[in-house]
């Protein structure tokens, strides 16, 4: 069976790629679309570094096939330029090496879409599945709190 | 991306042999495709990708996404019918399910992380047949039936194979039905309690041991099989801790 051509929207632009059925979404995003903000670490949907949004909901791009996003809207951290979350992370220094940051930003975006006014505990619970090995989580949570407050104020 | 040579570190999806893709347009087409050697079902796909890391490499991926008859939750006076393709996020938030069995909806919301909850399905959780996946435990306590294209099984029977494709799960309804899942001791021990005006059932599991049913009257877990033990928990510990969880669960459900 020949490889399929998969069409989807990536950070607002229509894209198409021909790939084998076993091509993971994360690999295609990084290697074919230069989406280097999508990081791969655990390769089994556990660490959160590869988090993207698919039709608005969070997904582990390491644990889904490229063909599963046929016709879908895929968002990566590259689409968050100047977003309140990005600005809040920068203001709070909510990163150190930065490897996990793209995943945190995308999961935080999903959280605020579901719940624009999360409590600190709700933020911690939602983001608890993403792993950071150097910054610590307090500044990340504070950044999300501040971004949420800013987004509510301008809504 | 760093791509180690085949066998250097571990198998991954990158080192797997080529596979074909079948986007099944009907349940019958899916069943026929899955009957082929080396075929694997893909619903959310989150578990299958992990399987590549364990060395599995299906040669035919059977996509179930177009099987809309396997979606949705229907609540009738007699049962709750949950389609096999309902995701954890959809199921745990379903207003009809929350209205009739909120304890189960709350338990469902505990499974997996947000990335997985939006992709992974109840059918995949069951049919992955991993002891660390918790849905078979919950459904055992609820006395649910797993309905396949060629027959019906109880959650205890899935480890021996399946008669076709899982289409839906049927949870019987009872007057006064309440449910509680306790996973604070996970991974060592988890316990689900289901009670209603006519009786009920509990079920116990660990990260590594298959779920076992527990009668609510068996307050000391006297009938827990001796085989319910491993290098992590002893049978004695499982009985003691399980009995404590069962007592706490019953107390909480009666106080609710």
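The values are calculated or read from the model by the stated rules, or taken from the named source; none is laboratory data. Nothing here was measured: the structure is a model prediction, and the numbers come from that model. Here the Cβ positions follow ideal geometry from the backbone for every residue, glycine too, while neighbour counts run over all protein chains shown.
Suppose we filter B:38, B:72 for residues that are modelled with pLDDT under 95 and on the phi > 0 side of the Ramachandran plot; which single one remains?
Every option except B:38 fails the conditions.
Tell me the residue from B:230, B:218 that is under 27 Å from residue B:79 (Cα atoms), assigned to a loop (DSSP other than H, G, I, E, B) and not assigned by TED's automatic domain parsing to the domain that holds residue B:40, please.
Within the list B:230, B:218, the selection yields B:218.
In the set B:119, B:129, which member is under 15 Å from the mean Cα position of the chain (by Cα), more than 14 Å from chain A (Cβ to nearest Cβ), more than 25 Å from residue B:256 (Cα to Cα) and in a loop (DSSP other than H, G, I, E, B)?
Only one candidate passes the filter, namely B:129.
In segment B:15-26, what count of residues is obtained for those that are more than 7 Å from chain A (Cβ to nearest Cβ) and either surrounded by fewer than 17 Cβ atoms within 10 Å (Cβ to Cβ) or at pLDDT below 75 (or both)?
4
Are any of the residues in segment A:85-93 within 13 Å of chain B (Cβ to nearest Cβ) and not in a helix (DSSP H, G or I)?
no
Yes/no per residue for (1) out of contact with any strand residue (DSSP E or B) (no Cβ under 6 Å at 6 or more places or on another chain); (2) more than 14 Å from chain A (Cβ to nearest Cβ):
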position: B:31; (1), (2): yes, yes
position: B:55; (1), (2): yes, no
position: B:70; (1), (2): no, yes
position: B:75; (1), (2): yes, yes
position: B:80; (1), (2): no, yes
position: B:85; (1), (2): no, no
position: B:88; (1), (2): yes, no
position: B:100; (1), (2): no, yes
position: B:111; (1), (2): yes, no
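Restricting to segment A:63-83, name every residue that is more than 16 Å from residue B:115 (Cβ to Cβ) and surrounded by 22 or more Cβ atoms within 10 Å (Cβ to Cβ).
A:66, A:67
Of these, B:185, B:165, B:246, which one is within 23 Å of the chain's Cα centre (by Cα), more than 19 Å from residue B:105 (Cβ to Cβ), in contact (Cβ under 8 Å) with a residue 40 or more places away in the chain and assigned by TED's automatic domain parsing to the domain that holds residue B:91?
B:165
Considering A:22, A:5, which residue is within 13 Å of another protein chain (Cβ to nearest Cβ), under 30 Å from residue B:38 (Cβ atoms) and not in a strand (DSSP E or B)?
Result: A:22 is the single residue among A:22, A:5 that is within 13 Å of another protein chain (Cβ to nearest Cβ), under 30 Å from residue B:38 (Cβ atoms) and not in a strand (DSSP E or B).
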